Structures are given as C-alpha cells and as structure tokens.
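Peer 1: Starting off with a structure, shown below.
The values are calculated or read from the model by the stated rules, or taken from the named source; none is laboratory data. Since we're looking at a predicted model, the values are computed, not measured. Using ideal geometry, Cβ is built from the backbone for each residue, glycine included, and neighbour counts are taken over all protein chains shown.
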Amino acid sequence: MKEAFPPVSSPTARILILGSMPSELSLERREYYGNPRNQFWRIMQAVFDIPAEDTYPERIAGLQHNRIALWDVLHSCERIGSLDSAIQNAVPNDFSGLFASLPGLKIIAFNGKKAHEWFERWAQVDSSHLQKLVYPSSSPAAALAFEKKVAAWETLRTL
C-alpha cells in the first residue's frame with residue numbers, strides 16, 4: 001500500500017491544488033512533484049514566479065507566499081508504477097479537517113481531470129462554497145504542450 005504526503009498548507013491559503021497520488025519518484029524523494037519530468041514546478045514558475053530550480057523547501061515557501069496549499073485526493077492506494085490508471089483500492093484523504101484549518105480557502109484547483117473526478121466521487125466533505133477549477137495535468141503522461149498547460153493554469157493568478 002502506498003501512502004501520500006500530508007498537506008502543505010498555511011491558514012492564509014486561498015487556493016488548494018489537488019493532485020491524485022504522488023508518483024513513484026515523488027514518493028521516493030518525499031517531495032510533491034518530485035519527478036523532474038513532471039511539469040508542475042515549471043508551471044508554478046511561469047504562473048507564480050516560483051523558481052523551479054529552487055530547493056524543495058524554497059518552492060514550498062513560494063507556494064505558501066502565494067497563499068497556495070497543496071495536497072492529493074488519495075491518502076493511500078495500491079499501484080504498480082505511477083499511472084493513475086493503475087490505482088486500485090484507493091482511500092481518499094479526509095478533507096474536513098483540512099478545510100477547517102483553511103478559513104480563507106476559496107478555490108480548489110485540480111491538477112488533472114482524474115483528481116477532480118476522484119474528489120467528486122470520494123471526498124466526504126461539503127465543498128459547495130468553493131470554486132472548483134480543473135487544469136491540465138502536469139504529468140509527463142499528459143500529451144498537451146507545455147505552453148498550453150501554462151496558458152490554462154495562468155487563470156489562477158487572476159483569481
């Protein structure tokens with residue numbers, strides 16, 4: 001059974017970015033989006049000026065400075081490899097506690113359609129007061145061009 005990370009958050013967060021489940025390399029490195037082929041940190045650099053080459057703690061501080069929290073929909077699962085399609089026996093995270101700790105939360109930004117689908121299916125929490133936006137996955141498996149991903153994610157900067 002693979003287990004995800006605790007949330008990265010602060011009480012001032014306005015935006016929660018939700019992925020599905022960390023990749024194998026991310027789990028090994030103990031870092032959100034730890035696979036250098038994943039485009040998440042490059043997207044955050046383009047949208048929020050968080051340098052992708054910064055250390056992991058500096059990148060996390062950059063998210064927090066921009067009032068962004070980060071977590072995954074799944075708490076644990078069984079999976080061979082890193083693809084979402086290989087996930088079995090998924091257990092969702094408990095969002096009620098996180099939402100209670102983020103009084104200024106306004107937006108959930110889903111990193112890919114699968115994260116959104118699973119949140120809607122499994123999250124046992126009232127999220128009707130939050131704006132939900134689905135963005136192209138930053139995964140290297142997602143075929144959309146990087147520039148198009150950035151163009152979509154840039155809408156977060158204005159919210």
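Here's the yes/no breakdown for (1) in a loop (DSSP other than H, G, I, E, B); (2) touching a residue at least 60 places away in the same chain (Cβ under 8 Å); (3) over 12 Å from the mean Cα position of the chain (by Cα):
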{"residue": "PHE99", "(1), (2), (3)": "no, no, yes"}
{"residue": "GLY104", "(1), (2), (3)": "yes, yes, yes"}
{"residue": "ALA109", "(1), (2), (3)": "no, yes, no"}
{"residue": "TRP118", "(1), (2), (3)": "no, yes, yes"}
{"residue": "VAL125", "(1), (2), (3)": "yes, no, yes"}
{"residue": "SER137", "(1), (2), (3)": "yes, no, no"}
{"residue": "GLU147", "(1), (2), (3)": "no, no, yes"}
{"residue": "ALA151", "(1), (2), (3)": "no, no, yes"}
{"residue": "ARG157", "(1), (2), (3)": "no, yes, yes"}
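Peer 1: Further question on the same structure: Just to be sure, is GLY62 more than 26 Å from LEU25 (Cβ to Cβ), modelled with pLDDT of 95 or more and not in a strand (DSSP E or B)?
Peer 2: no
Peer 1: Out of the residues in the stretch 20-40 that are touching a Phe, Trp or Tyr at 6+ places or on another chain (Cβ under 6 Å) and among the aromatic types (Phe, Trp, Tyr), state the one that is nearest to ILE108 (Cα to Cα).
Peer 2: PHE40
Peer 1: Kindly indicate the residue of the stretch 84-100 that is buried (at least 18 other Cβ atoms within 10 Å of the Cβ), among the hydrophobic types (A, V, I, L, M, F, W, C) and more than 24 Å from SER10 (Cα to Cα) and also modelled with the lowest pLDDT among those meeting that condition.
Peer 2: The residue in question is ILE87.
Peer 1: Here's a check for you: in the stretch 46-64, which residue that is without any contact (Cβ under 8 Å) to a residue 40 or more places away in the chain and surrounded by 18 or more Cβ atoms within 10 Å (Cβ to Cβ) is farthest from ALA142 (Cα to Cα)?
Peer 2: Of everything passing the filter in the stretch 46-64, GLY62 is farthest from ALA142 (Cα to Cα).
Peer 1: I need the full set of residues from the stretch 137-149 which are farther than 11 Å from GLY19 by Cα and buried (at least 17 other Cβ atoms within 10 Å of the Cβ), in order please.
Peer 2: Listed by number, the list holds a single entry, LYS149.
Peer 1: Can you name the residue in the stretch 65-82 that is surrounded by 14 or more Cβ atoms within 10 Å (Cβ to Cβ) and either farther than 21 Å from ALA142 by Cβ or over 14 Å from the mean Cα position of the chain (by Cα) (or both) and is also modelled with the lowest pLDDT among such residues?
Peer 2: So the residue we want is SER82.
Peer 1: Go through PRO51, PRO22, PRO36 for me and flag whichever is of a type outside the set (Gly, Ala, Ser), part of a loop (DSSP other than H, G, I, E, B), over 20 Å from VAL73 (Cβ atoms) and at pLDDT below 95.
Peer 2: After ruling out the rest, the residue left standing is PRO36.
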